């Protein structure tokens, strides 16, 4: 019997993910057979339906209208809850959900429903208290938000897909297209590895790298209220290749070396040298993808004369060597 999936539509939902996931779940178990000329073979693994606060249309973040099948309060039992991404701004104020949605999510979890969320959808589960004390991931840009708003979550922001131990089952996926990895995982749970492989081939799904460090922006946010440290940040970003960039930034601030280091860390959460390294690595990542320059040349361009040190630092921050990163991230060329 197909597993029921309640797909939550909230204001600001990303319709592309919601509808894409709906299509994949609807076709899991049967799409491959139809495309292979064997219509009538296979069995549907899921019965998805879109639910919302009520039956009224919901506006996605881009204005696309989402028409739910019913209100979530009408759902007394479901096998799986899927929360798609919401369009949020990093650093926004406290994230909250209303009491009705919180109660419904908790009721579903108490009944043993598999709770899943993609990207920023994990904040919805966190706001319902379902991630307290449990491992989870989210889009890398919202790691600081989760740590600030939901400190009880055992965040693994470098991971693309995390299934928490214990009950109820909770599965979270990282940024944007990692919803594909989440769906393939659900299909494998429901129908086995063979079904997941068929779905991947039928829908041309791609499970992204399991380490979000490959995609994440290395640069920490600097307190917008500290104008002096934001000026120092801007200086480091503009002069990152200069061997004296750090000392020049400190001198321009008018602070002692110790005072500058302390204040910069308070404003950004990292030391000035760590921030400079992050700036250089971001510049290197751009050059690796946008140019064919040798790694040695790129290392020197961003401020590292010692290419061995550059390679070690790059791998520590991204999980990949510069050469592997270039191969992974270069855009495909049409045939």
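The values are calculated or read from the model by the stated rules, or taken from the named source; none is laboratory data. Model, not experiment: these values are computed from the prediction. In this analysis, Cβ positions are derived from the backbone assuming ideal geometry, glycine residues included, and neighbour counts consider all displayed protein chains.
Observations, loosely collected:
- Verdict on residue 108 being assigned to a strand (DSSP E or B) and in contact (Cβ under 8 Å) with a residue 40 or more places away in the chain: no
- Check on residue 309, surrounded by 20 or more Cβ atoms within 10 Å (Cβ to Cβ) and either modelled with pLDDT of 95 or more or in contact with a helix residue (DSSP H, G or I) (Cβ under 9 Å, 6 or more places away or on another chain) (or both): no
- Lone unmet requirement of (1) free of Cβ contacts under 8 Å to residues at least 60 places away in the same chain; (2) touching a helix residue (DSSP H, G or I) at 6+ places or on another chain (Cβ under 9 Å) for residue 147: (2)
- Residue among 116, 172 that is assigned to a strand (DSSP E or B), touching a strand residue (DSSP E or B) at 6+ places or on another chain (Cβ under 7 Å) and under 23 Å from residue 27 (Cβ atoms): 116
- The single condition among (1) at pLDDT 90 or above; (2) under 16 Å from residue 121 (Cβ atoms); (3) touching a helix residue (DSSP H, G or I) at 6+ places or on another chain (Cβ under 7 Å) that residue 11 does not satisfy is (3).
- For the stretch 184-194, the criterion of being within 20 Å of residue 80 (Cβ to Cβ), surrounded by 22 or more Cβ atoms within 10 Å (Cβ to Cβ) and touching a residue at least 40 places away in the same chain (Cβ under 8 Å) is met by at least one residue.
- All positions within the stretch 134-156 that are out of contact with any strand residue (DSSP E or B) (no Cβ under 8 Å at 6 or more places or on another chain), assigned to a loop (DSSP other than H, G, I, E, B) and surrounded by fewer than 21 Cβ atoms within 10 Å (Cβ to Cβ): 151
- Among the criteria (1) surrounded by 15 or more Cβ atoms within 10 Å (Cβ to Cβ); (2) modelled with pLDDT under 95; (3) touching a strand residue (DSSP E or B) at 6+ places or on another chain (Cβ under 8 Å), the one residue 80 does not fulfil is (2).
Residue-by-condition table, conditions (1) surrounded by 21 or more Cβ atoms within 10 Å (Cβ to Cβ); (2) outside any helix (DSSP H, G or I); (3) touching a helix residue (DSSP H, G or I) at 6+ places or on another chain (Cβ under 9 Å); (4) assigned by TED's automatic domain parsing to the domain that holds residue 137:
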| site | (1), (2), (3), (4) |
| --- | --- |
| 20 | no, no, yes, yes |
| 23 | no, no, yes, yes |
| 32 | yes, no, yes, yes |
| 44 | no, yes, yes, yes |
| 50 | yes, yes, yes, yes |
| 101 | no, no, yes, yes |
| 112 | no, yes, no, yes |
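- Only one entry in 68, 90 is touching a helix residue (DSSP H, G or I) at 6+ places or on another chain (Cβ under 6 Å), surrounded by fewer than 24 Cβ atoms within 10 Å (Cβ to Cβ) and farther than 15 Å from residue 170 by Cα, namely 90.
- Residue in the stretch 296-306 that is touching a residue at least 12 places away in the same chain (Cβ under 8 Å) and surrounded by fewer than 18 Cβ atoms within 10 Å (Cβ to Cβ) present: yes
- Residue pairs whose Cβ atoms lie under 6 Å apart, sitting 6 or more positions apart in sequence or on different chains, and linking a residue in the stretch 33-46 that is over 14 Å from residue 194 (Cβ atoms) to a partner that is surrounded by fewer than 17 Cβ atoms within 10 Å (Cβ to Cβ), are 44/2; 46/2.
- Selection status of residue 208, at pLDDT below 90, assigned by TED's automatic domain parsing to the domain that holds residue 89 and either more than 11 Å from the chain's Cα centre (by Cα) or assigned to a loop (DSSP other than H, G, I, E, B) (or both): yes
- Filter pass, residue 6 being closer than 18 Å to residue 118 by Cβ, crowded, with 17+ Cβ neighbours inside 10 Å, without any contact (Cβ under 8 Å) to a residue 24 or more places away in the chain and more than 18 Å from the chain's Cα centre (by Cα): no
- Residues being more than 29 Å from residue 225 (Cβ to Cβ) and out of contact with any strand residue (DSSP E or B) (no Cβ under 7 Å at 6 or more places or on another chain) are represented in the stretch 271-284 by at least one member.
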